[in-house]
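The values are calculated or read from the model by the stated rules, or taken from the named source; none is laboratory data. Since this is a predicted model, take the numbers as computed values, not measurements. Here the Cβ positions follow ideal geometry from the backbone for every residue, glycine too, while neighbour counts run over all protein chains shown.
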């Protein structure tokens, strides 16, 4: 017998890898793009031009919305030309070692683990009635990630 979540698999969230169906771009509530997908891709451009409720956003913007909704979590975003990964790593180590051993720190984004993994951790903890999994989130942001939808508009 299948659980309720198995019965509804794909009804709420669907992932398409490789070739995409045109219908996906016009039936979805959200289209979450990988940073490598150009906004000029014909299906993406046409979905963004439609006067529908479909929102085209980046993986980073989608994850940031979730993380931002947890108000008691401190967030640090690092961007710039050089040294982003080093600064992120330093901030993470500093927060883990100086602020106390019970501090749980996520370090990622463009560096290491995608922010969407952090967001899924937050959602699963919230769903299970647990406190947030991290006290601090340190996220490296590349200029390329900041140019995608959700940060500078549709």
Restricting segment 69-86 to residues that are closer than 9 Å to residue 141 by Cα and in contact (Cβ under 8 Å) with a residue 60 or more places away in the chain, the one surrounded by the most Cβ atoms within 10 Å (Cβ to Cβ) turns out to be 78
Would you confirm, using the coordinates I've provided, whether residue 30 is in the same structural domain as residue 87 (by TED's automatic domain parsing) and either under 25 Å from residue 142 (Cα atoms) or modelled with pLDDT of 80 or more (or both)?
no
Please specify each residue of segment 87-125 satisfying the condition of being surrounded by fewer than 15 Cβ atoms within 10 Å (Cβ to Cβ), modelled with pLDDT under 90 and assigned to a helix (DSSP H, G or I).
97, 98
List the number of the failed condition for residue 82; all other conditions in (1) in a loop (DSSP other than H, G, I, E, B); (2) in the same structural domain as residue 18 (by TED's automatic domain parsing) hold.
(2)
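If a residue must be assigned to a strand (DSSP E or B) and modelled with pLDDT under 80, how many such residues does segment 33-46 contain?
Total satisfying the criteria: 0.
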The condition from (1) loosely packed, with under 12 Cβ neighbours inside 10 Å; (2) within 14 Å of the chain's Cα centre (by Cα) that residue 61 misses is numbered (1)
If we scan segment 10-19, do we find a residue that is crowded, with 16+ Cβ neighbours inside 10 Å, outside the structural domain of residue 122 (by TED's automatic domain parsing) and at pLDDT below 85?
no
